[in-house]
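Everything on this sheet refers to the single structure shown next.
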Amino acid sequence: MAQERIHQLDYLKGIFILLMVLFHLALVEQTYPVLREAVYTFHMSAFLIISGYLANVDKQPVAFGKGLARIAVPYLLFEALYILMQFFLGGSLGAHNAIESLTATDFVTRVLTMPTGPYWYLHTLVICTAVYWLVYRVLHLQGISGLALSGLLLYGLSLVIVGLDWSNVIYFLIGVFILRSGYSFLKVITPSFIAILPLAVLFAYRENYISGSLAGVAITVLVISLLLAVYPYCFKVVRDGLCYIGRNSLAIVVFSPIFTILTKKMAPYFSFDPSAITFAVIALVLIVACCLGCAWLSDRLHVSRFVFVRDRFYHPFMDCGDPVDNG
């Protein structure tokens, strides 16, 4: 189901991917534990809604397989690399999720069923997209029937695959539901500053900070609505910058864990700032810049076609124009 690019979705992805990087920084997590819980309630959940909405399964098997490989291949490569880094360097770098022992069986099991770090998102996306294609394209089920069977199959898989969380599946299916409703994303989740009122109430109670709860779903949808309302009022350079980051969000997902581990060694040099804001800003800029640089270099060295199954992985900065209603 091809559709016109919606710049607001790139903008949202840019914000959520920056939050992902920011709250994977150990010092930030330790300094702001409650804020971390609040952000974890919605940032990747919203990403999954957008991913479900953008998933295109109306393809023949070969074309679909190539599209799925663009997620699966980098997932397998970088998840494997990340596990090896945790095992060989995690202890010396002081990583909280360092792996002390690793057998060949453990390694394969972790890669296939127990993704580490932000790579769980790619793992979930591969499985959800494959099941979605099977139901809608192969079995030719549509509407509520297709959504129900997709949900049933994915629920069954979540019972046997440790790394597939049912709550994450639900958010992906919400995105599919929005797409299959026939309405634009912006017509279903409409921009509204009024969203700040129920958000204030929901965020006032820490027990709502669970992405898999009904409150978590409400928070996620309301945050999207509020951010969409802010979009037209952003400075153009900020709006274009966030869209640029959003278009390169996959590069940040795959490369950021490597640089996040390395920036852990920087933290002691910022002890002069107990708020950790200075460290957070500098580390965030460095990590994102390195990720974008790696994506650009992959294209220049012509390795993107092998690692990311595409000739061009890096998306250059572009003018997104004036805010328009894509609904």
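The figures follow:
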item: Filtered residues of segment 28-84 (kept if over 30 Å from Phe203 (Cα atoms) and not in a helix (DSSP H, G or I)); result: Ala55, Asn56, Val57, Asp58, Lys59, Gln60
item: Members of segment 228-237 found to be of a type in the set (A, V, I, L, M, F, W, C), surrounded by 13 or more Cβ atoms within 10 Å (Cβ to Cβ) and in a helix (DSSP H, G or I), listed by number; result: Leu228, Ala229, Val230
item: Hits in segment 175-209 (condition: farther than 28 Å from Arg5 by Cα, in a helix (DSSP H, G or I) and either of a type in the set (Phe, Trp, Tyr) or in contact with a His (Cβ under 6 Å, 6 or more places away or on another chain) (or both)); result: Phe203
item: Selection count, segment 142-170, where residues are part of a loop (DSSP other than H, G, I, E, B), out of contact with any Cys (no Cβ under 9 Å at 6 or more places or on another chain) and touching a residue at least 40 places away in the same chain (Cβ under 8 Å); result: 4
item: Filtered residues of segment 267-309 (kept if under 18 Å from Gly246 (Cα atoms) and in contact (Cβ under 8 Å) with a residue 60 or more places away in the chain); result: Leu284, Ile287, Val288, Phe308
item: Number of the condition not met by Tyr75 [criteria: (1) surrounded by fewer than 18 Cβ atoms within 10 Å (Cβ to Cβ); (2) in contact with a His (Cβ under 7 Å, 6 or more places away or on another chain)]; result: (1)
item: Residue in segment 8-18 that is in contact with a His (Cβ under 6 Å, 6 or more places away or on another chain), under 20 Å from Phe259 (Cα atoms), touching a residue at least 24 places away in the same chain (Cβ under 8 Å) and in a helix (DSSP H, G or I) present; result: yes
item: Tally of residues being closer than 18 Å to Met20 by Cα and of a type in the set (Phe, Trp, Tyr) across segment 248-290; result: 3
item: Condition met for Leu250 (at pLDDT 95 or above, over 17 Å from Tyr40 (Cβ atoms) and surrounded by fewer than 18 Cβ atoms within 10 Å (Cβ to Cβ)); result: no
item: Any hit, segment 93-100, residues being part of a helix (DSSP H, G or I), among the β-branched types (Val, Ile, Thr) and surrounded by 15 or more Cβ atoms within 10 Å (Cβ to Cβ); result: no
item: Tabulated pairs, segment 184-211, first under 23 Å from Tyr53 (Cβ atoms), second of a type in the set (A, V, I, L, M) and not in a helix (DSSP H, G or I), C-beta under 8 angstrom, 6+ apart or interchain; result: Ser184/Ile6; Phe185/Ile6; Leu186/Ile6
item: When residues of segment 260-299 are limited to those that are in a helix (DSSP H, G or I) and of a type in the set (S, T, N, Q), the one farthest from Arg310 (Cα to Cα); result: Thr278
item: Tally of residues being buried (at least 18 other Cβ atoms within 10 Å of the Cβ) and not in a helix (DSSP H, G or I) across segment 211-227; result: 1
item: Scan of segment 101-120 for residues that are of a type in the set (Ser, Thr, Tyr) and either surrounded by fewer than 21 Cβ atoms within 10 Å (Cβ to Cβ) or farther than 23 Å from Leu262 by Cβ (or both), ordered by number; result: Ser101, Thr103, Thr105, Thr109, Thr113, Thr116
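Per-residue answers, yes or no, for (1) touching a Phe, Trp or Tyr at 6+ places or on another chain (Cβ under 8 Å); (2) of a type in the set (Gly, Ala, Ser); (3) modelled with pLDDT of 95 or more:
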| position | (1), (2), (3) |
| --- | --- |
| Gly156 | no, yes, yes |
| Leu159 | no, no, yes |
| Pro198 | no, no, yes |
| Ala204 | no, yes, yes |
| Thr220 | yes, no, yes |
| Asp240 | yes, no, yes |
| Tyr244 | yes, no, yes |
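The values are calculated or read from the model by the stated rules, or taken from the named source; none is laboratory data. Just so you know, these numbers come straight off a predicted model, no measurement behind them. For neighbour counting, all protein chains shown are included, and Cβ atoms are generated from backbone atoms with ideal geometry for every residue, glycine included.
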